[in-house]
Amino acid sequence: MSGAVAGVLQLGLLVAALAACYRPLGDYMARVFLSDRHWRVERAWYRLAGIDPGADQRWGSYARSMLAFSGVSVLFLYLLERVQNHLPYANGMAPVPSFLAWNTAASFVTNTNWQNYAGESTMGYTVQMAGLAVQNFVSAGVGIAVLIALVRGFMRNKTDRLGNFWVDITRAVVRLLLPLSVIGAVILMAAGVIDNFTPTHLIAAVTGGQQTMVGGPVASQEVIKELGNNGGGFFNANSAHPFENPSPFSNWFEIFLMLVIPFALPRTFGKMVGDNRQGYLLVAVMLGLWLTSVGLISLFEWQHAGTALQAAGGAMEGKEVRFGIPGSALFAGSTTATSTGAVNSFLDSFTTFGGMVALCNMMLGEVVPGGAGAGLYGLLMLAVLTVFIGGLMVGRTPEYLGKKIRPTEMKWAAAYILATPFCVLVGSALSLGLSVPQRSILNPGPHGLTEIVYAFTSMGNNNGSAFAGLATNTGWYNLAGGVVMLVARFAAMIFVLALGGSLARQQKVPESAGTLKTHGPLFAGLLVGVIVILVGLTYFPALALGPFAEGLR
Amino acid sequence: MDRLPSLLRQHIAALRLLLAFTVLCGLVYPVALWGVAQVAFKNQANGSLVSVNGKVVGSSLLCQEFVDARGNPLPQYFQPRPSNATSGAKTDYGCDAGYSGASNLGPDNSALLRTVKARQRQIAAFDHVPVAQIPPDAVTSSASGLDPDISPQNADIQVARVAAARHLPTATVRALVGKYTQGRSLGFLGEPRVDVVTLNIALDELPGQGK
């Protein structure tokens, strides 16, 4: 069988598996968040934490709880990293330096998992397990909670209440992420992912020398790294490391894990607002753009443009033999289209345009399908903008799912849409304008500019993948990167919750003959157009100076 | 509690909830799964180790360098892909699991172009094959620096050299490579590949080939 046919079959199996999960998982998630009943363990849990699960919060209060939880998380993770040498199973690691610890804490709490460190030489097992992996669960939970609060804004009428943050995050973790992780981890173990507490040690090698053997509780962390769209590798090589991703099957399964929740959430949305067709429309838009990006990356890698790759005869620099081009391109397209950011091949060495598609996936705002929760709320913000533009075209007050999109709603949506590009472009511009940050560039010419733009696009969109040639474990990138990740994540979330609050206060208006249908191909086309034009208008200058200048010589 | 300002109350609740999550997701969950791993998947969970005469000599998932004390490739062994996993020390020639990682050199980087060409010259001289026959994976460094596999074409160009160095018929070595070649999983997942460490161990275990 030819490589191309095998690649298509691999993609086909993935789409089939995602389609099979769409309804059951989407419906299950809707039930999780619609149910009034608390499990007995959850009630004990709320008592333990001193929380009233019956409280229904206003959007401001919901946001404050979310910020308090995230703020405490940053502090706790920072402290854990700083004292790791005193913790058990430190594996001989020294305390993480303060700037790096700050960056890493901000990175894992914001679900970015940008890594300025190499796991195997920086983080002890306790910090990995009780610090970083815990944030893998709860940061994904925060994303899902904020989405659900926004959806309640569409569901509810004439109320200022959006639900209870503590209940939402608890249910997201206890009823969804944890059970799925247990199943996924066992599958990964069977496929060969390691899970032990053996410290790093030397073994005798075949020819008589010595080989370093690394260990760690990897399988349990690997699964939530993909499922929660986190992406922070246990080891420096991330999902390219044979102990994290040992076989073609584990590779396929990890890609499946990162896509399954974001692709099922539109069903949850449709179910909660009482119109499954809305879910089908959103998932179709996600699927179309994700497939396009995967197809383009595969094509560009197959063609292996670039002097060094042409000389080698194929784009295998920074790729593993067991995955080949199809397994690497599919992973790269999926990890950047979701906000995962794990890598099984190194994007800095991808062809110019292959790497550019990965970059553009993030520039889309992480919405096709995006991260757990964050992807869908991002897409809903863009849908609001699309409805608004559609309303302007026909001269009617725009409505989305019976809620009027008035100036208040548009203000929050516009603020959301501007927040990320602002962080990305200001961060990139400062790094290019100042002299010290420039010295971190590895590859000369336009490719070096792309390295910096990629870094801030990744951090600003809470993705976490990298053009890893850029040496970012410096004061500037640690400090500025941490700020960018936190502002982009939480400013966006505040705007989302504010929009949810103002939608909830409205009384639904009945559909009329003049209402723009938001479940047909016309709206899908309009939405795709808005997404693509928005990216083009925002980022074209950066793309022109980077990838286009490099690739069109 | 009720008399505390609400902002402080929220932060205390947040801390308590975070600690509860830390115990559940950061201790109970990973330790329980570690238990499952050590009972049900002992071999995989500990790194898919391979032994010779009861002594661990490596992992079937991690490459090893087959070089002499000065870093020159040993002709009697199949050679893994170029690796960037090294501490940077002079005697660390790659495949060092303490330093996983890639070169990150761009597709048009002149340093990468020079390296690729140098590797092609070295392999052409070492294996007596024309440059056109050398597959891409032999002259490019892997993503992890620990790639245990080479492509079947990469193994194929090395067969004659290995057979000559071991005074074995080419057919014997080629048959062994065939035995250690894995196809695509389910016929379409991944790429065909040869695991270098287990193949080299099998070579050493052929009659009369002990070290």
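Things to note:
- With Cα atoms defining each centre, the stretch A:31-108 and the stretch A:188-220 are spaced 31 Å apart in the structure.
- From phi via Karplus (6.51, -1.76, 1.60), per-residue ³J(HN,Hα) for the stretch A:518-532 in Hz, x at Gly/Pro: 9, 10, x, x, 4, 5, 4, x, 4, 5, 4, x, 4, 4, 5
- Label-to-label distance, B:LEU186 versus B:ALA164, with points set 7 angstrom from Cα along the beta-carbon direction: 4.4 nm.
- Gyration tensor (alpha-carbon) shape descriptor, the stretch A:127-253, a/c threshold 1.5: prolate
- Looking at the stretch A:418-471, the pairs of alpha carbons with a distance over 12 Å make up 60% of the total.
- Virtual spin-label span in nm between A:HIS201 and B:LYS42, 7 Å along Cα→Cβ: 1.6 nm
- Near B:VAL57, the amide H atoms lying under 5 Å from its own belong to B:VAL50, B:SER51, B:VAL52; only residues 5 or more places off or on other chains count, and H is placed 1.01 Å from N.
- Theoretical FRET efficiency, 1/(1+(r/R0)^6), r = Cβ-Cβ of B:SER6 and B:GLN209, R0 60 Å, to 0.05: 0.20
- Rounded to the nearest 10 Å², the accessible area of A:LEU34 at probe 1.4 Å: 80 Å²
- Cβ-Cβ FRET estimate between B:ALA171 and B:ALA124, R0 fixed at 22 Å, reported to 0.05: 0.40
- Ordering of B:186-198, A:336-348, B:50-62 by burial proxy (mean other Cβ atoms within 10 Å per residue, highest first): A:336-348, B:186-198, B:50-62
- Cα centroid separation - the stretch A:487-553 against the stretch A:404-467, whole Å: 17 Å
- Shielding score for B:38-50, defined as the mean number of other chain Cβ atoms within 10 Å: 5
- Relative frequency of Cα-Cα separations exceeding 27 Å in the stretch A:38-246, percent: 38 percent
- Pair-distance profile P(r), taking every C-alpha pair of the stretch A:220-353, with 10 angstrom steps and integer %: 13, 39, 30, 14, 4, 0
- Rounded Å value of the spacing that divides the Cα centres of the stretch A:279-330 and the stretch A:142-180: 35 Å
- A simple rule links phi to the HN-Hα coupling: the Karplus curve 6.51 cos²θ - 1.76 cosθ + 1.60 with θ = phi - 60°, which for the stretch B:181-193 gives 8, 9, x, 5, 5, 6, x, 9, 9, x, 10, x, 7 Hz, with x for Gly and Pro.
- Carbon/sulfur fraction of accessible area - chain A, other protein chains in place, 1.4 Å, %: 68 percent
- In chain A, helices alone account for a calculated mean residue ellipticity at 222 nm of -21000 deg cm²/dmol, with every DSSP H run of four or more residues adding -39,500 (n - 2.57).
- Descending semi-axes in Å of the stretch A:387-553, equivalent ellipsoid built from Cα gyration tensor: 38, 19, 11
- Kirkwood-type radius of the stretch A:485-550, with distances r between different C-alpha atoms, in Å: 15.7 Å
- Filter on A:LYS225/B:LYS42; A:LYS319/B:LYS117; B:LYS117/B:LYS179 - keep pairs with C-alpha separation over 20 Å: A:LYS225/B:LYS42; B:LYS117/B:LYS179
- With only the Cα atoms considered, the stretch A:345-444 has a convex hull volume of 153 Å³ per residue.
- Cα-derived Rg to Rh of the stretch A:446-524, Kirkwood definition: 1.24
- Fully extended contour minus Cα-Cα distance, from A:ASP52 to A:SER98, at 0.36 nm per residue: 12.9 nm
- Gain on full extension, evaluated as 0.36 nm per residue between B:ALA132 and B:ARG70 minus their Cα-Cα distance, stands at 19.5 nm.
- Computed over every Cα-Cα pair of the stretch B:112-211 and binned at 5 Å starting from 0, the pair-distance distribution P(r) comes out as 2, 12, 20, 22, 21, 13, 8, 2, 0 percent.
- Protein heavy-atom accessible surface, 1.4 Å probe, per residue over the stretch A:1-159: 38 Å².
- Whole-percent pair-distance distribution, where bins are 20 Å wide, for the alpha carbons of chain A: 23, 58, 19, 1, 0
- Degrees separating the helix B:29-40 axis from the principal Cα axis of chain B, which is the longest one: 40 degrees
- Taking only the alpha carbons of the stretch A:259-333, we obtain Rg and Dmax values of 17.5, 57 Å in that order.
- Eligible lysines near A:LYS404 by straight Cα distance, threshold 16 Å, same-chain separation 8 or greater: A:LYS158, A:LYS508, A:LYS517
- The Rg/Rh ratio of the stretch B:1-94, with both radii computed over alpha carbons and Rh defined as the Kirkwood radius, is 1.33.
- In this structure, A:LEU75 and A:HIS38 have a Cβ-Cβ separation that, at R0 = 30 Å, corresponds to a calculated FRET efficiency of about 0.55.
- Cα-based equivalent ellipsoid, the stretch A:103-156: semi-axes from gyration tensor eigenvalues, Å: 30, 11, 6
- Shape box of chain B [Cα atoms, principal axes, largest first, Å]: 86, 46, 39
- Helical mean residue ellipticity (222 nm; -39500 (n - 2.57) per DSSP H run of 4+; nearest 500) of chain B: -13000 deg cm²/dmol
The values are calculated or read from the model by the stated rules, or taken from the named source; none is laboratory data. Everything numeric in this text was worked out from a predicted model, so none of it was measured. Because the Cβ atoms are built from the backbone with ideal geometry, glycine has one as well, and the counts that use them run over all protein chains shown. Heavy atoms of the whole protein, side chains included, go into the accessibility calculation; ligands, DNA and RNA do not. Shrake-Rupley method; radii C 1.70, N 1.55, O 1.52, S 1.80 Å.
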